[in-house]
């Protein structure tokens, strides 16, 4: 019986070996390689990459390609011709290295050559085909990549790998200028700088004339004018820059544990602005963050040809049997047509004129399909002529309203209505004067008549002026209620109270509460998950409410919460944000029930003598502890990414906006986390909007105890952007240590070390015990040199942010660079003691 397992092993080993057939090299000594040998692959030494034959979209045909050993086996290169078309052959074709040292892929009875990257080699016996650890397929003499005569990195397809330089035809403009081309052949990266659909360009990967140079191994996109930063920079993993079939250039990062790809950067944020996304005549509407939907406009229907939309009813073009349907926030591109007989429309910009003249000009042209008008004061008028409308999309960022020409009898509903409509603001006032009596001959009667007339006229004037003021006051209140005084053109969508009540299931799902309102989770009719913030104690003309609407509506950044709309029905004031699923940062940093947990327990919490209040307190602490136990533990790398993302978002508010935006309340509760723990700064209710050259004078203290800069308390000091820098420095220390700054002193009462920044400074620069600062829960997982350097950089940056004098603190732009490691950090000055006493 002991020999039975041995016999089973003898029978099982050959089939397993045959099933793998993985090669580290391919040379003339190996048998010809056929596509039918589907289990035969060439692998890299680190196992991350593989090469071989893969089936193409045509049944029975194969391509020779290189792919990543991920869950989806993403292809990063394939054999192609000069026009980026892939080579394909049937299963009988062979890949061989002949005796002369030439690599060729042949097919047919005559062995006609399909692809041959290298014709011959001086060292025929040593010519081998290998796959490097970088994903580069090399062929030539010798075993090393340096001796290779040909490399797949010199012939990119739709993907660039880390360390792969951009070819010359993309960098200096020689050749056809194509750097990458999507697998479907529709989109291309031209001269390493511009994304194009055919001859139409729709996006630049960088500002100015800067061009892409390469992707480094640490995740940095290097351009001629600097670097483009991705969210996972620095971690050792496989990355690829791919021009996808939807026309967007994305940087993918392979998660080592799950072997799944994660998008860490993309060139185009609004997918609907990519040319060719939808067929002719359709309008592209975003669905969620990564989806689009192509729909026909009012008066149009699905056509039988290529999925395009065509008018339901024909019109004569004389202008007597048609009408115009207004579609707000909808615009069309001009296409590439040169004559009216081409497929795409001709978009012509007419001289500035009013809306009526722009409509009249379109109606007088039988070829005019629609016209666009920009309500921005510059009276921009666009005309769309030609065969069909092309590249239509809806976006609140555009200020264009498109007027579509349809049959007068068409009665389709129009979902593209704007936020407000024009209201009549001038009321006619009719004055009726009494008929004067017949003149008397006596002087007394004449004087009496003149006096009476003057008194009547004066009274009528006073009454008229009073009526005008009353009407003006009414319309002013109406404008404030509707937000017309605060909202710019092209602002967010206005929701009704009934819509948000239905979206939140009668406000039943509470996800957060704060001093200014309650946040509910909801789902809109278009299946978007949203967070609805119901504000408390805000009147119809409350400036803070409209300030938050106008500020957030104009902010577009990866690390800022996106606002979709608002509600202002009577006394109801609500803000509709994108839903961030993982909640706020404080739930992942602080341990419930400990001294450093956000504001609960310790001497900072006032005691209540009543037993019912004590029971309620214990129950609340138990709920918080259970919630914290369910949260995953943030490692050091994730905490660094969160800190860097928050720094970039605040730097964007301070330095990259047209106006200067102060957040005034930066704390872990206002930092939300997505599924991949990408941070998003929220809660602009305490923001201050002013000129970049001015300083701010506040009428009252704004912010949260423990995060306010000294100048908030010292009223003689002006408030600048450095107040936000101080708050960020305190949050940065909390991210590293995992404890509350104002809860820290509860653990050291009676000691001079109660001031959190002073304690951290002495641990790093005096005692040289940086281990004492790290969150004990992750202290055992950061023993490598890179982690130690990251912690030191974060603590040094925090020390500079927490200087008591505002002029000594760096700007948020420099803070972000200090965290990135792109600037040298000098030894900081020891922070002095500062605190805000409880009331």
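Values in this text are rule-based calculations from the coordinates and carry no lab data. Predicted model, so just to flag it, every value in this text is computed and none were measured. Positions of Cβ are generated from backbone atoms using ideal geometry, with glycine treated the same way; all protein chains shown enter the neighbour counts.
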Rough spin-label spacing in nm, given labels placed 7 Å along Cα→Cβ, for residue 714 and residue 408: 7.5
Stretch gain in nm, segment residue 350-residue 210, where the contour uses 0.36 nm per residue and the Cα spacing is subtracted: 47.1 nm
Fully extended contour minus Cα-Cα distance, from residue 523 to residue 498, at 0.36 nm per residue: 7.7 nm
Cα-based equivalent ellipsoid, the range 258-391: semi-axes from gyration tensor eigenvalues, Å: 30, 19, 13
The range 24-154 - Kirkwood radius from inverse mean 1/r over Cα pairs (Å): 14.8
Exposure proxy ranking, count of Cβ atoms within 10 Å, fewest first, for 178, 258: 258, 178
Calculated FRET value between residue 508 and residue 85, using beta carbons and R₀ = 60 Å, to 0.05: 0.60
Label-point separation, residue 357 to residue 447 (7 Å along Cα→Cβ), nm: 5.9
Segment residue 465-residue 379, length gained on full extension (0.36 nm per residue, minus Cα span): 27.6 nm
Label-point gap, in nm, between residue 305 and residue 454 - each point 7 angstrom along Cα→Cβ: 8.3
Residue 21-residue 655 FRET efficiency (beta carbon distance; Förster radius 56 Å; 0.05 resolution): 0.45
Label point at residue 57 placed 7 Å out along Cα→Cβ; residues across the range 179-209 whose backbone nitrogen lies under 14 Å: 182-187
Packing rank of 640-649, 90-99, where each peptide gets the mean count of other beta carbons within 10 Å, highest leading: 640-649, 90-99
